[in-house]
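Here's the structure, in structure tokens; my notes come after.
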Amino acid sequence: MPTLDHPTLPAVKAAFPDAQLVATEFRGDTTLVVGRDLLHEVLAFLKDAPDAKYDLLSDLVGVDYLNYPPPKSGPFGRFAVVYNLESTTRNTRLFVKVFLDPTLDTTGTEDDPVLHLPTCTDLWPGAEWLEREVFDMLGVRFDGHPDLRRILTWESFPAHPHRKDYPVKGRGEREDYRVIDREDA
């Protein structure tokens, strides 16, 4: 990891000396990129270690990097899941990012084995709804989640609408709805 001015990075580097971690900084925000095999272990360390104490998962989002140019160095994948962690006692913030590269056609709802991450609801219970949203919109599944089902679209929705290859007008899902007039409502 490069030397950056963030108080948590030395502790992470000491705790995971053999891990290939990448740290970046942009506009004062530090991002730690981890592999999916170490993700839960790193998140648990960041929550519980005395040098970290990230007691608040402020946000968890999914990103689709379709058609983005790959970086000159470091890991990259089509999808990323970003954890926005805050330590309320130390007044620090750290973003943890994990990249995922699908192996199957991404237009449907097929279960791609690469698009699986461990849940962090055991660390931060508030992650339950955030993980459900990432699952619904991008199709990333969180193994061990207590109630992983769609949250913004209906259960039989045929795709994941925040993927950049999903058409803006949809694929005909809205044409089957009955139009209700003001008098009928």
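The values are calculated or read from the model by the stated rules, or taken from the named source; none is laboratory data. As the structure is a prediction and not an experimental result, all values here were calculated from the model. Note that each Cβ is placed from the backbone with ideal geometry, even for glycine, and that neighbours are counted across all protein chains shown.
Give me a count of the residues in region 18-68 that are touching a residue at least 60 places away in the same chain (Cβ under 8 Å), among the small types (Gly, Ala, Ser) and not in a helix (DSSP H, G or I).
Residues that pass the stated criteria total 2.
Please give the number of the condition VAL12 fails out of (1) of a type in the set (A, V, I, L, M); (2) within 21 Å of the chain's Cα centre (by Cα); (3) assigned to a loop (DSSP other than H, G, I, E, B).
Failed condition: (3).
Go through the residues of region 77-93 one by one and say whether even a single one is in contact with a helix residue (DSSP H, G or I) (Cβ under 9 Å, 6 or more places away or on another chain), at pLDDT 95 or above and among the aliphatic types (A, V, I, L, M).
yes
Could you pull out the residue among THR89, THR24 that is among the polar types (S, T, N, Q) and either under 21 Å from PRO146 (Cβ atoms) or in contact with a Gly (Cβ under 9 Å, 6 or more places away or on another chain) (or both)?
THR24
Going residue by residue through region 112-135, is there one that turns out to be within 30 Å of THR8 (Cα to Cα) and among the hydroxyl-bearing types (Ser, Thr, Tyr)?
yes
Scan region 109-136 for residues that are more than 22 Å from LEU46 (Cβ to Cβ) and of a type in the set (A, V, I, L, M) and report the count.
Count: 2.
Failed condition for VAL114, given (1) closer than 30 Å to PHE157 by Cβ; (2) in a strand (DSSP E or B), with all others met?
(2)
List, please: which pairs have Cβ atoms under 7 Å, are six or more places apart or on different chains, and start with a residue in region 144-164 that is closer than 18 Å to HIS116 by Cβ and without any contact (Cβ under 8 Å) to a residue 40 or more places away in the chain and end with one that is part of a loop (DSSP other than H, G, I, E, B) and not hydrophobic (A, V, I, L, M, F, W, C)?
GLY144/THR119; HIS145/THR119; HIS145/THR121; PRO146/THR121; ARG149/GLU155
Out of region 39-53, which residues are surrounded by 16 or more Cβ atoms within 10 Å (Cβ to Cβ), modelled with pLDDT of 95 or more and of a type in the set (A, V, I, L, M, F, W, C)?
LEU39, VAL42, LEU43, PHE45, LEU46
Go through LEU60, LEU66, LEU56, LEU104 for me and flag whichever is surrounded by 17 or more Cβ atoms within 10 Å (Cβ to Cβ) and either of a type in the set (Phe, Trp, Tyr) or closer than 26 Å to ASP136 by Cβ (or both).
After ruling out the rest, the residue left standing is LEU60.
Condition first: modelled with pLDDT of 95 or more and surrounded by 16 or more Cβ atoms within 10 Å (Cβ to Cβ). Now tell me which residues in region 13-37 satisfy that.
Of everything in region 13-37, those that are modelled with pLDDT of 95 or more and surrounded by 16 or more Cβ atoms within 10 Å (Cβ to Cβ) turn out to be PHE16, THR30, THR31, LEU32, VAL33, VAL34.
Just the residues that are surrounded by 13 or more Cβ atoms within 10 Å (Cβ to Cβ) and at pLDDT 85 or above, please, taken from region 145-158.
HIS145, LEU148, ARG150, ILE151, THR153
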